[in-house]
Amino acid sequence: MNHRFIQIMRRATPLAGNHPSSRRAAVVVLSVASLFVLMGAARAPKEVNWSELNPAFAGAEFVRDASTCAGCHEEALAAYSHTTHARALGANGRTTTEKLECESCHGPRSKHVEDPTNVLANIAPAGRAQVCLQCHSASKNHMQWQNSAHAMANESCDSCHVVMERRSDKALLKSADETATCYGCHGEVRGAMQKSSHHPVREGKMECSSCHNPHGSTGPSLVKFATITETCTSCHQDKRGPFLWEHPPARDNCASCHSAHGSNNRSLLTTKAHMLCLQCHSYGGHINVPRYNRTSTPTQQGCVNCHVTPHGSNHPSGAKLTR
Ligand code: HEC
Ligand code: HEC
Ligand code: HEC
Ligand code: HEC
Ligand code: HEC
Ligand code: HEC
Ligand code: HEC
Ligand code: HEC
Ligand code: HEC
Ligand code: HEC
């Protein structure tokens, strides 16, 4: 195939179907569309049907007075009083649901107050999420929850959050910090982060949420943006391009050469550098072989010794990614 021809075509038809910028345009259209959905959702408060979540709520009324609960739940309340919700709900609430305070999460409790043995604790994970989403579905961060890997795996908000006491500096997380919360279930990622080349998560300079949205996303593997590459280039802007001479895999998916979490090869590479290139290129007949009388494949730094710009080049004569 004539590579130069393809290269020219690629530059000449920037809006051709499979070109990244047209994909980007599609994403913009989609996000504008979802913004309207979002605005609609923000206006209409999401009410839950309590007796559908748990039949034991049938016939119960809202008590609308936290001091009734306080009489019997002093201990729970003491811990709860340090949380964001304790400050934002009740008398400070902006909506009717927020003003309900305890009952905004615990449902109508008149029957429980009359007879405390009337316990209502078992609501299924999806129902528990519905309770929280009464107030949190309007945030664009949470819009993809229903389709997220976590919701699909029957996890719920309380898989990561504890709301009755303040255990973390931010976001009412289950453990003291975010990474500890995630490692509770994703031990294999902790292992990867120990490798010699790793993103500085264990140094405290990044968190899982620097790249992931645990509440769901439109991208693969819960990455924050629509693609892995966009997520990476949100920080590594010098790799974003467009370049005069693109290297297609760097355009398509950074993870075709890099392990996001950690690797024992330099620069988070998935394999040793020359093996990496040989997954897609053959060395047989390479110009290097006759010219330098080399018979063996270069190892280690090998290919990137000469092809120094694996991410793409803007040099007028950088078509072969050598400068
Ligand atoms: C008369 C005392 C009393 C009052 C008033 C009371 N509770 Fe309870 N509540 C209890 C007791 C006792 C239990 C424990 C039942 C058990 O663990 O077997 C309980 C359990 C609970 C539980 C955990 C189990 C469940 O049902 O989900 C929640 C949540 C709860 N109460 C919320 C409330 C709220 C909210 C109010 C105020 C509207 C309230 N309670 C008022 C005595 C009371
Ligand atoms: C933002 C939602 C939310 C609000 C507001 C809230 N709770 Fe809870 N509460 C929960 C969840 C979720 C649980 C179960 C898991 C847990 O402990 O985090 C729970 C557990 C409880 C329990 C039983 C667990 C225990 O500690 O033994 C009691 C009792 C309780 N809440 C009382 C109250 C009272 C009283 C109020 C109001 C002052 C209140 N809650 C406000 C979400 C909430
Ligand atoms: C009645 C409305 C309401 C319900 C129900 C509710 N929240 Fe909230 N939540 C709020 C408000 C208000 C805030 C304060 C921040 C804001 O204005 O968004 C907040 C804040 C938070 C925060 C950020 C805390 C921080 O310190 O940064 C988390 C996390 C959270 N809620 C989780 C939950 C979870 C989990 C549930 C379900 C168990 C839940 N919420 C149920 C209204 C609610
Ligand atoms: C897999 C873990 C996980 C699950 C499940 C989860 N969260 Fe979170 N949540 C987090 C983390 C981590 C943060 C802090 C993220 C950050 O700082 O950007 C957070 C932050 C938040 C915040 C405050 C910041 C914001 O985005 O507004 C709210 C509110 C919240 N979560 C609500 C929820 C609700 C509601 C659910 C269930 C529908 C839920 N979370 C499920 C991990 C989780
Ligand atoms: C209570 C357990 C639990 C916690 C805590 C938890 N997760 Fe998960 N996570 C799961 C399960 C279950 C799955 C789905 C099965 C799987 O892929 O392992 C999953 C899947 C994922 C995936 C893969 C998504 C995909 O599409 O393949 C990512 C990324 C992820 N979690 C990130 C996080 C982050 C970041 C945190 C912390 C904010 C976190 N998780 C906290 C249980 C958890
Ligand atoms: C530098 C960005 C980045 C950071 C930081 C990051 N991840 Fe990821 N993570 C990714 C990417 C990209 C993928 C998808 C990898 C792929 O498809 O090859 C992924 C995949 C995952 C998966 C799916 C299984 C797997 O290993 O492929 C889980 C679970 C996960 N991450 C959890 C976490 C947790 C927990 C943290 C924090 C300790 C974390 N991630 C930090 C970018 C990141
Ligand atoms: C939130 C910002 C952020 C995001 C998103 C991000 N990185 Fe990084 N990356 C960093 C930081 C910070 C470093 C460490 C730089 C240093 O130590 O000088 C780094 C280092 C690297 C390194 C060099 C590692 C080494 O051992 O020298 C590579 C390769 C890399 N990132 C690739 C990626 C890829 C691929 C993605 C997407 C999956 C990604 N990054 C997403 C911030 C980010
Ligand atoms: C074709 C394989 C390949 C792809 C795809 C790729 N890289 Fe790299 N990357 C490399 C190699 C090889 C190195 C090491 C270069 C060296 O050692 O001179 C590297 C090094 C890096 C470094 C650290 C050194 C530096 O130049 O800053 C970062 C950061 C990085 N890549 C980010 C990315 C991002 C972001 C993407 C996606 C846009 C990406 N890479 C896609 C092969 C690739
Ligand atoms: C995931 C597959 C993949 C990997 C890994 C990969 N490449 Fe490529 N590379 C391609 C594709 C596809 C092209 C474009 C070929 C075309 O235009 O027909 C290309 C083009 C090139 C070109 C320009 C070829 C030309 O004729 O213009 C060079 C040089 C190159 N790659 C070097 C490398 C090096 C060095 C590495 C290792 C750091 C590497 N590649 C890793 C897929 C890959
Ligand atoms: C000693 C320097 C050097 C090394 C080492 C090297 N290359 Fe090259 N490579 C070149 C030069 C020079 C060209 C031709 C440039 C031109 O025609 O303008 C080239 C061309 C290429 C091309 C374009 C197609 C072709 O054959 O003309 C590919 C693909 C390529 N190299 C891949 C690799 C891979 C993969 C490795 C590692 C296994 C590697 N190169 C190692 C210097 C090198």
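Please treat every number below as a calculation from the coordinates, not as lab data. Just so it is clear, the model here is predicted, and its values are computed rather than measured. Cβ: placed from backbone, ideal geometry, glycine included. Neighbour counts: every protein chain shown.
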Using a basic spin-label model with each label point 7 Å from the Cα along Cα→Cβ, how many nm lie between Ala121 and Ala171?
2.8
Estimated vicinal HN-Hα couplings, Hz - segment 153-165 in sequence order (Karplus 6.51, -1.76, 1.60; Gly, Pro = x):
8, 6, 7, 9, 4, 6, 5, 10, 10, 10, 9, 8, 8
Added length on full extension, which subtracts the Cα-Cα distance from 0.36 nm per residue, Lys205 to Ser282:
23.8 nm
About the Cα centre of segment 38-176, what is the dipole size in debye to 20, counting +1 per Lys and Arg Cβ and -1 per Asp and Glu Cβ, all else neutral?
600
Provide the per-residue ³J(HN,Hα) series for segment 277-285, in order, calculated from phi with Karplus coefficients 6.51, -1.76, 1.60 and θ = phi - 60°, each as a whole number of Hz, with x at glycine and proline positions.
5, 6, 5, 10, 10, 9, 9, x, x
Between Ser139 and Ser67, with labels modelled 7 Å along Cα→Cβ, what's the label distance in nm to one decimal, could you check?
3.2
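Exceeding 20 Å between C-alpha atoms, which entries from my cross-link table qualify? They are Lys239/Lys320; Lys170/Lys195; Lys140/Lys224; Lys46/Lys140; Lys174/Lys195; Lys170/Lys205.
Violating the 20 Å Cα-Cα cut-off are Lys170/Lys195; Lys174/Lys195.
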